[in-house]
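The values are calculated or read from the model by the stated rules, or taken from the named source; none is laboratory data. Please read all numbers here as calculations on a predicted model, not as lab measurements. Cβ atoms come from the backbone with ideal geometry, glycine included; neighbour counts cover every protein chain shown.
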Amino acid sequence: MSAEIESNRLLSLDVFRGMTIAGMVLVNNPGTWSQIYSPLKHAEWHGATPTDFVFPFFLFIVGISITLALGKRVESGGINRDIYTKILRRALIIFALGLFLAAFPFYNFSKGEWFDISNLRIMGVLQRIAVCYFVASLIFIRTNWKQQATIAGALLLVYWALMTLISVPGCEVATFNDKACNLAAYLDRVILTENHIWKSSKVFDPEGVLSTIPAIATTLAGVLCGHWLRSRRDDYERVAAMFFFGVILTALGWAWNFWFPINKSLWTSSYVLYTAGLALCFLGICYWLVDIKNYKRWAKPFVIFGVNALALFVFSGLMAKLFGIIRVGADAEGKSIPLQKWIFDSIFMPFASAINASLMYAISYIILWLFLMWLLYRKRIYIKV
């Protein structure tokens with residue numbers, strides 16, 4: 001008997017979403033950025049660590065959710081103007097939330113001046129999610145699965161060609177080994193300008209303009225997986241196909257890496273295939289454990305995170321910023337220190353080495369948010385846009 005997809009919702013998908021968003025919060029909130037275990041860091045440039053799987057996994061899940069939410073409407077011909085309006089509204093709200101997080105707290109307390117909007121980072125994690133959700137939703141509504149697969153493949157090939165063949169002004173050759181001398185970075189500097197890109201690099205944005213094209217392909221990979229989950233297949237057929245295509249995509253991404261290196265910051269085409277394959281395998285594991293074997297008790301924390309994923313990302317980000325703004329105590333020079341540093345130095349550092357204390361802080365932060373999200377879950381409060 002097949003697992004039922006009631007109200008367009010799979011429990012294993014909530015678990016996978018919860019694991020992904022928990023991983024995102026974990027890697028974003030170490031006790032100190034100077035002491036982090038390597039698997040919890042992004043790859044410096046080429047290559048990938050477990051941390052580099054988190055964002056594409058989330059976009060993959062967004063794609064699946066698009067199919068599960070809109071599939072019946074498309075099949076019944078029920079797509080009307082209201083649906084387009086809801087898609088646009090949701091995308092704009094998510095994009096606006098990203099800008100809100102980038103500008104928060106709006107006032108620089110150390111300098112005593114208001115935030116300068118001319119330095120606002122335009123793109124970011126939520127902004128990319130918004131764009132990918134919007135474009136993938138429109139493609140899903142207007143095309144069938146074969147056309148969607150063709151579009152996803154075309155996006156990857158076009159991006160590869162653009163990055164390989166087009167030279168960058170001021171650079172001798174287009175290269176993937178230079179953070180500045182590649183087309184994606186160049187267009188970020190031209191379109192977004194240096195004032196509106198990621199301040200840590202100043203020469204490229206990891207959620208930039210051109211690299212959003214292959215990120216849409218990542219979302220379409222999720223859309224295609226959603227078609228399979230909605231099909232009238234046996235549970236074991238579903239999970240077998242997820243593992244089969246997951247291994248194939250991972251292998252193809254690894255092979256393409258020799259010509260177009262796996263790179264999260266550039267969101268290369270090889271990176272799309274590699275992470276989409278891994279996402280299929282991880283979802284397959286969750287589906288087998290939760291929806292087929294009915295092993296659910298271990299997954300409860302991830303369900304709690306998964307049903308309020310957007311709220312967790314936004315509110316945990318706001319809290320982290322507040323911890324950096326609020327000043328308490330004093331250092332050796334008598335200057336006040338951020339609340340986050342005070343908590344880390346006073347509570348975690350006395351009990352472990354710096355790198356373990358940093359990890360303990362991140363885990364404690366996740367546990368705190370598990371409790372807060374549980375309060376919402378037990379009241380059946382699900383914050384959505």
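I'd like to know if the stretch 63-71 contains one or more residues that are more than 15 Å from the chain's Cα centre (by Cα), in a helix (DSSP H, G or I), among the polar types (S, T, N, Q) and surrounded by 14 or more Cβ atoms within 10 Å (Cβ to Cβ).
yes
Can you say whether residue 90 is surrounded by fewer than 20 Cβ atoms within 10 Å (Cβ to Cβ), without any contact (Cβ under 8 Å) to a residue 12 or more places away in the chain and among the basic types (Lys, Arg), as far as the supplied structure shows? Walk me through it before giving the result.
Numbers: surrounded by fewer than 20 Cβ atoms within 10 Å (Cβ to Cβ): yes; without any contact (Cβ under 8 Å) to a residue 12 or more places away in the chain: no; among the basic types (Lys, Arg): yes.
Spelling it out, it is not the case that residue 90 is surrounded by fewer than 20 Cβ atoms within 10 Å (Cβ to Cβ), without any contact (Cβ under 8 Å) to a residue 12 or more places away in the chain and among the basic types (Lys, Arg).
Residues are listed down the side, and each one gets a yes or a no for (1) in contact (Cβ under 8 Å) with a residue 12 or more places away in the chain; (2) surrounded by 13 or more Cβ atoms within 10 Å (Cβ to Cβ); (3) within 30 Å of residue 98 (Cβ to Cβ); (4) charged (D, E, K, R):
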{"site": "334", "(1), (2), (3), (4)": "no, no, no, no"}
{"site": "342", "(1), (2), (3), (4)": "yes, yes, yes, no"}
{"site": "356", "(1), (2), (3), (4)": "no, yes, no, no"}
{"site": "367", "(1), (2), (3), (4)": "no, no, yes, no"}
{"site": "376", "(1), (2), (3), (4)": "yes, yes, yes, no"}
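Considering only the stretch 177-222, state which residues are crowded, with 19+ Cβ neighbours inside 10 Å, assigned to a loop (DSSP other than H, G, I, E, B), out of contact with any Asp or Glu (no Cβ under 6 Å at 6 or more places or on another chain) and touching a residue at least 40 places away in the same chain (Cβ under 8 Å).
Correct list: 182, 206, 207, 210, 211.
If residue 314 meets every condition in (1) assigned to a helix (DSSP H, G or I); (2) without any contact (Cβ under 8 Å) to a residue 12 or more places away in the chain apart from one, which number is that one?
Evaluating residue 314 over (1) assigned to a helix (DSSP H, G or I); (2) without any contact (Cβ under 8 Å) to a residue 12 or more places away in the chain leaves (2) as the failure.
Is it the case, given these coordinates, that residue 321 is under 23 Å from residue 52 (Cα atoms) and loosely packed, with under 15 Cβ neighbours inside 10 Å?
Here the answer is yes, as residue 321 does meet what is asked.
Do we have any residue at all in the stretch 285-294 that's within 30 Å of residue 244 (Cβ to Cβ) and exposed (fewer than 14 other Cβ atoms within 10 Å of the Cβ)? Don't jump to the end; show me each part of the working.
Kept after step one, since they are within 30 Å of residue 244 (Cβ to Cβ), are these residues of the stretch 285-294: 285-294.
Filter once more, so that each one left must be exposed (fewer than 14 other Cβ atoms within 10 Å of the Cβ): 293-294.
Scanning the stretch 285-294, I find at least one residue that is within 30 Å of residue 244 (Cβ to Cβ) and exposed (fewer than 14 other Cβ atoms within 10 Å of the Cβ), so the answer is yes.
So in the stretch 225-277, with the set limited to residues that are of a type in the set (Asp, Glu) and loosely packed, with under 14 Cβ neighbours inside 10 Å, which one is nearest to the chain's Cα centre (by Cα)? Break it down stepwise before answering.
Our first condition is that a residue be of a type in the set (Asp, Glu); within the stretch 225-277, this holds for 234-235, 237.
Going one step further and asking which of them are loosely packed, with under 14 Cβ neighbours inside 10 Å, we end up with 234, 237.
Numbers: 234: 30, 237: 28 Å.
The qualifying residue nearest to the chain's Cα centre (by Cα) is 237.
Report, by residue number, each residue of the stretch 131-154 that is assigned to a loop (DSSP other than H, G, I, E, B) and of a type in the set (Val, Ile, Thr).
Of the residues in the stretch 131-154, the ones assigned to a loop (DSSP other than H, G, I, E, B) are 143-144.
If the condition is that a residue be assigned to a loop (DSSP other than H, G, I, E, B) and of a type in the set (Val, Ile, Thr), then 143 is the only one that fits.
Any residue at all in the stretch 115-123 that is out of contact with any Phe, Trp or Tyr (no Cβ under 7 Å at 6 or more places or on another chain), farther than 18 Å from residue 201 by Cβ and polar (S, T, N, Q)? Please lay out each step first, then the result.
Initially, the stretch 115-123 is screened for residues out of contact with any Phe, Trp or Tyr (no Cβ under 7 Å at 6 or more places or on another chain), giving 116-120, 122-123.
Narrowing further to those that are farther than 18 Å from residue 201 by Cβ: 116-118.
So of that shortlist, the ones also polar (S, T, N, Q) come out as 118.
Yes, because at least one residue in the stretch 115-123 is out of contact with any Phe, Trp or Tyr (no Cβ under 7 Å at 6 or more places or on another chain), farther than 18 Å from residue 201 by Cβ and polar (S, T, N, Q).
Among the candidates 165, 120, which residue alone is surrounded by fewer than 17 Cβ atoms within 10 Å (Cβ to Cβ), within 21 Å of the chain's Cα centre (by Cα) and either at pLDDT below 95 or of a type in the set (Gly, Ala, Ser) (or both)? If you could, list the steps in order and put the result at the bottom.
Numbers: 165 fails: within 21 Å of the chain's Cα centre (by Cα).
Going through 165, 120 in turn, the sole match is 120.
What are the pairs, 6+ residues apart or on separate chains, where a residue within the stretch 64-83 that is over 15 Å from residue 13 (Cβ atoms) and in contact (Cβ under 8 Å) with a residue 60 or more places away in the chain has its Cβ under 6 Å from a residue that is of a type in the set (Lys, Arg) and part of a helix (DSSP H, G or I)?
As it stands, the answer is 79/73, since those pairs meet every condition given.
Pairs only if they're at least six apart or on different chains, beta carbon under 7 angstrom, first in the stretch 248-274 and closer than 20 Å to residue 209 by Cα, second part of a helix (DSSP H, G or I) and of a type in the set (D, E, K, R); list them, first residue then second.
Within 7 Å, the pairs are 264/52.
So, in the stretch 20-63, how many residues would count as being in contact (Cβ under 8 Å) with a residue 60 or more places away in the chain and more than 27 Å from residue 322 (Cα to Cα)?
Residues meeting the conditions: 13.
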